[in-house]
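Heads up: the structure comes next, in structure tokens.
Every read-out reported here was derived from the displayed coordinates using simple, explicitly stated rules and does not represent laboratory data. Because the structure is predicted, anything quoted here is derived from the model rather than measured. Here Cβ is always computed from backbone atoms with ideal geometry, including for glycine, and neighbour counts include all displayed protein chains.
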Amino acid sequence: MRKSLVTIAVLGALALPTAVFAADAAPAPAYTVSYNVGLYSQYIFRGLTQTAEKPSIQGGVDFAHSSGFYLGAWGSNISWLEDGGTYDNSSLELDVYGGYANSIGDIGYNIGALQYIYPGKQLDGYKAAETTEVYGALSYKWLQGKMSYIVSKNGFGNANASGSYYAELNANIPLADSGVTANLHVGRQEFDGSPSYTNSNDDLYSYTDWKVGATKAFSNGVNVGAYYSDTDGSAAGYGAYTGGNIAKSTFTAFVQKTF
């Protein structure tokens, strides 16, 4: 999700001895629609590989109104549900979201809701992966703090996950005029629930993740980058997947285009 700031530029009056001429710039559009598509060496979500360290194609569309309201949809291929033996024919994640983003002085804020959709056949005895979250974020210059809170009964296949949250701190630091941005992140996933439920969430599934990387932006809308990420996720909770522990340290590279 990207925050769009829409402004209106106004030209001042031009005074001449015999007449006064004033010209106003054309008003900015009431809304914008933007698109993005990217190729990633893998899909990492909150420190966990969603594609067993295999390539991922991702893309989305965003609608932003000048008032600050926005809507969007985003998708990626995945394998973690099949790798974990909880779904059949499940190779897609689709996210639909909406909210409001604006600023007060130098402080930006963003509130909204996001629905994670995982098409496929859920196997007997396992909880649905579909998850609903609400989120809020505050930002100052290149620093952002965000809290995402699960409001659906189940979350990412964990039973009784309502009340679970993901707290994160992100720093995207521009490096002079190079077009390169240093990307730093730390997050904490806390699952809330009862271990008495099938495929339930407990301390095995709570963890801290972090990453460090860099992105180079070009004037044509192309971004290239890479980052290293790691977690302290328990192998007992995240190690029983085809291909191994999805919470282990890993390196990701990508190229993305926005237009």
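Key figures for this structure:
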{"quantity": "Overall dimensions of the stretch 114-259 by Cα: Rg and Dmax, Å", "calculated": "17.5, 55"}
{"quantity": "Shape of the stretch 58-193, Cα gyration tensor, a/c cut at 1.5", "calculated": "prolate"}
{"quantity": "Cross-link pairs K146/K248; K127/K153; K54/K127; K216/K257; K216/K248 - those with Cα-Cα distance over 20 Å", "calculated": "K146/K248; K54/K127; K216/K248"}
{"quantity": "Relative compactness, the chain, computed as alpha-carbon Rg over 2.2 N^0.38 Å", "calculated": "1.18"}
{"quantity": "Residue order, fewest to most beta carbons within 10 Å, for E130, E93", "calculated": "E130, E93"}
{"quantity": "Cα-centre dipole for the stretch 31-258 with unit charges at Cβ (Lys and Arg positive, Asp and Glu negative), debye to 20", "calculated": "440"}
{"quantity": "Charge dipole magnitude, Cβ of K and R +1, D and E -1 - the stretch 23-110, Cα centre, debye nearest 20", "calculated": "80"}
{"quantity": "Calculated FRET value between F69 and A236, using beta carbons and R₀ = 35 Å, to 0.05", "calculated": "0.25"}
{"quantity": "For D209, D106, D203, order by how many other beta-carbon atoms lie within 10 Å, fewest first", "calculated": "D106, D203, D209"}
{"quantity": "Förster-model FRET efficiency, 35 Å R0, F259 and Y109, C-beta, rounded to 0.05", "calculated": "0.85"}
{"quantity": "Estimated FRET transfer efficiency (E190, D124; beta-carbon r; R0 41 Å; 0.05)", "calculated": "0.90"}
{"quantity": "Cα-centred dipole magnitude for the stretch 152-259, charges only on beta-carbon of K, R (+1) and D, E (-1), debye, nearest 20", "calculated": "400"}
{"quantity": "Residues of type aspartates and glutamates that K141 reaches as a straight line, Cα spacing below 19 Å, ignoring anything fewer than 8 places off in the same chain", "calculated": "D106, E168, D177"}
